[in-house]
Amino acid sequence: MALETGIRNMRLLESDGQEIRALDAVETVRREPPLLGSRQLIAGGIFCPTGETAIRRNSRRLWRRSFAAAVGAS
């Protein structure tokens, strides 16, 4: 019930351009391996690939690849 309420509440962000994905327990643990020990307590999760944290993580990854390519090219 709490997960469904959370998903419904997060859907409000879709109007601002955020992508919201409801995940089952298996996919949640696959994306967050440290949760494996609590797997039996997890109903699922909400993944926001366009959220600030995801964007920052992807930007760092892109920067590292660009930097590695530039250093390797010298």
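Just so you know, all these numbers are worked out from the coordinates, no wet-lab data involved. None of the values given here were measured: they were computed from a predicted structure. For neighbour counting, all protein chains shown are included, and Cβ atoms are generated from backbone atoms with ideal geometry for every residue, glycine included.
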- Item | region 1-37: GluC sites (Glu not before Pro) in DSSP coil with no more than 13 other Cβ atoms inside 10 Å | 19
- Most exposed first by the Cβ proxy, i.e. fewest other Cβ within 10 Å, how do 15, 38 rank? 15, 38
- Ranking of 1, 10 by count of other Cβ atoms within 10 Å, fewest first: 1, 10
